[in-house]
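The values are calculated or read from the model by the stated rules, or taken from the named source; none is laboratory data. Just so we're clear, the structure is a prediction, and the values are computed from it rather than from any experiment. Here the Cβ positions follow ideal geometry from the backbone for every residue, glycine too, while neighbour counts run over all protein chains shown.
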């Protein structure tokens, strides 16, 4: 069995990116778009943007998006024409660089049918404390509940009747914003300065109606709430947007504290690249808060409508700047995990000089003597010089980036040496933690000159003697840890993929341009980080 085939159950173990929902895949083309720095949004850090367009002639448009929610490592959205979407972003580190996939299906009514054309205009989506989806529709100002987003709807009885009544009394000013809070619901209508407050918030048994207004620069352009999303501490973020001929689109993000104290977080206006943004989602990850914004092209996408009055689907990612120290349970890049009590073991440090930078590795010559000695022979005999990292397996699970990179002799008969005896992790006491080096092999005794480096913990590759599958009984052999240069490893992991290369599970994991290992050498003392001259890597569980 090859390393890639053995990873098939690992993907299921660690979390697959496949959605359980039946859906139609939508092909898209994306283009990276940058946003110039501007004092108007200095409270936010720009983390990438995309122009999203249909991928081929006749492809279904993913436009008309008017609500957004982060859940289960993806963006869930709804559209003006009554569809739900699951948008899985591709990110390198914190930066949004592409989309892995877009799935789309039809929202159903309580009878299990697609609503009539005039009833499809979904405006907001949120997920409540029970795990149900709530979707609001504008024209009839109704809210439907979905146990599964691709299932039948059911009626709801939310405590926002006064807001709905006010929306129905106003022309083109419907129930635009709906989001779950830790203890209730926040809902806003599409108006400001009306006879009725434009927002309501339920907090347990209490309901508060209040007027939420954007910054003055947007008030004069008639801005109104269009979407919102809340963090786990009860802080909500409300998106306002406006459009006036001759002035273009403007948006603002208002921060709403758990006790409904409002403040302006950021505003955007021309000449910044701002379209008709209608969706906002909050994502919390490793102590940081991110906001995703998406624009509604009103099903009039420039990709096939031409210029003039056409619109775009833009997807932006921002981090909310914070002066507070970020707590993280992940080791810093390049560090060696430490357990208590610390115990040092003999190691030998080597350097892999790659086209993207150097990676320093401590080989576990005491705990994995056979495997470490084999790798040192490849180094000392220059068998790795001119080889490459050729594969990047990417797992869509926290923390990101996540997966592994693979490189080495790639079964070149002029480079490979005979296979070596297997040293399982339950014997060596090592583990597939972040930065671990592990031998690729078909079965025990076949490992030679190909290896992988873990990007985040992949302890599912450790030996499990009580497992029924022989592959997992033996696991894979860890023989070293990266002590410096994990940023280089992550850069390799994030390099472009050729979707047509590879076989079986390796399809979609092969680098378009393999990253060359220019030189593999023993590290002189001056090249060895002080902390890596002996290691105290964690024991296998």
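Considering only residues of segment 118-144 that are under 29 Å from the mean Cα position of the chain (by Cα) and surrounded by fewer than 18 Cβ atoms within 10 Å (Cβ to Cβ), which is farthest from residue 232 (Cα to Cα)?
132
Which residues, counting only those in segment 456-500, are assigned to a strand (DSSP E or B) and within 22 Å of residue 367 (Cβ to Cβ)?
478, 479, 480, 481, 482, 483, 484
Can you confirm whether segment 437-446 contains a residue that is surrounded by 21 or more Cβ atoms within 10 Å (Cβ to Cβ), in contact with a helix residue (DSSP H, G or I) (Cβ under 9 Å, 6 or more places away or on another chain), more than 18 Å from residue 384 (Cα to Cα) and assigned by TED's automatic domain parsing to the domain that holds residue 354?
no
Select from segment 238-253 the residues that are surrounded by fewer than 22 Cβ atoms within 10 Å (Cβ to Cβ) and assigned to a strand (DSSP E or B) and list them in ascending order.
Residues satisfying the conditions are 243, 244, 248, 249.
Given (1) in a loop (DSSP other than H, G, I, E, B); (2) surrounded by fewer than 19 Cβ atoms within 10 Å (Cβ to Cβ); (3) modelled with pLDDT under 95, where does residue 385 come up short, assuming only one miss?
All conditions pass for residue 385, except number (3).
Kindly list the number of the only condition in (1) assigned to a strand (DSSP E or B); (2) at pLDDT below 85; (3) under 21 Å from residue 278 (Cα atoms) that fails for residue 164.
Of everything listed in (1) assigned to a strand (DSSP E or B); (2) at pLDDT below 85; (3) under 21 Å from residue 278 (Cα atoms), residue 164 misses just condition (1).
When both residues are 6+ apart or on different chains and their Cβ atoms are under 6 Å apart, which pairs have a first residue that lies in segment 502-516 and is within 18 Å of residue 101 (Cβ to Cβ), and a second that is at pLDDT below 90?
From segment 502-516, the pairs are 505/4; 505/8; 508/499; 509/502.
Condition check ((1) out of contact with any helix residue (DSSP H, G or I) (no Cβ under 7 Å at 6 or more places or on another chain); (2) under 23 Å from residue 354 (Cα atoms); (3) in a strand (DSSP E or B); (4) not assigned by TED's automatic domain parsing to the domain that holds residue 475) across all residues:
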{"position": "389", "(1), (2), (3), (4)": "no, yes, yes, no"}
{"position": "416", "(1), (2), (3), (4)": "yes, yes, no, no"}
{"position": "420", "(1), (2), (3), (4)": "no, no, no, no"}
{"position": "423", "(1), (2), (3), (4)": "no, no, no, no"}
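Can you tell me which condition residue 336 does not meet? The list is (1) surrounded by fewer than 21 Cβ atoms within 10 Å (Cβ to Cβ); (2) modelled with pLDDT under 95; (3) not assigned by TED's automatic domain parsing to the domain that holds residue 229, and all the others hold.
So residue 336 meets the others, but not (1).
Check residue 85 against each of (1) in contact (Cβ under 8 Å) with a residue 60 or more places away in the chain; (2) in a strand (DSSP E or B) and name the one condition it does not meet.
Among (1) in contact (Cβ under 8 Å) with a residue 60 or more places away in the chain; (2) in a strand (DSSP E or B), the lone unmet condition for residue 85 is (1).
Does at least one position in segment 476-495 carry a residue that is assigned by TED's automatic domain parsing to the domain that holds residue 429, within 19 Å of residue 101 (Cα to Cα) and surrounded by fewer than 19 Cβ atoms within 10 Å (Cβ to Cβ)?
yes
Of everything in segment 63-79 that's surrounded by 21 or more Cβ atoms within 10 Å (Cβ to Cβ) and assigned to a loop (DSSP other than H, G, I, E, B), which residue is modelled with the highest pLDDT?
Out of the qualifying residues, it is 64.
Could you list all residues from segment 218-237 that are closer than 17 Å to residue 184 by Cβ, touching a strand residue (DSSP E or B) at 6+ places or on another chain (Cβ under 7 Å) and not in a strand (DSSP E or B)?
Across segment 218-237, the qualifying residues are 231, 232, 234, 235.
Looking only at segment 88-113, count how many residues are surrounded by fewer than 23 Cβ atoms within 10 Å (Cβ to Cβ) and assigned to a loop (DSSP other than H, G, I, E, B).
8
Within the bounds of segment 452-465, is there any residue that is within 19 Å of residue 376 (Cβ to Cβ), assigned by TED's automatic domain parsing to the domain that holds residue 379, in contact with a strand residue (DSSP E or B) (Cβ under 6 Å, 6 or more places away or on another chain) and buried (at least 24 other Cβ atoms within 10 Å of the Cβ)?
yes
Can you tell me which residue in segment 103-117 is farthest from the chain's Cα centre (by Cα), limited to those that are in contact (Cβ under 8 Å) with a residue 40 or more places away in the chain and farther than 15 Å from residue 81 by Cβ?
That would be 111.
Can you find, within segment 339-361, the residue that is modelled with the highest pLDDT among those that are over 28 Å from the mean Cα position of the chain (by Cα) and either on the phi > 0 side of the Ramachandran plot or assigned to a loop (DSSP other than H, G, I, E, B) (or both)?
Restricting to residues being over 28 Å from the mean Cα position of the chain (by Cα) and either on the phi > 0 side of the Ramachandran plot or assigned to a loop (DSSP other than H, G, I, E, B) (or both), the top hit is 347.
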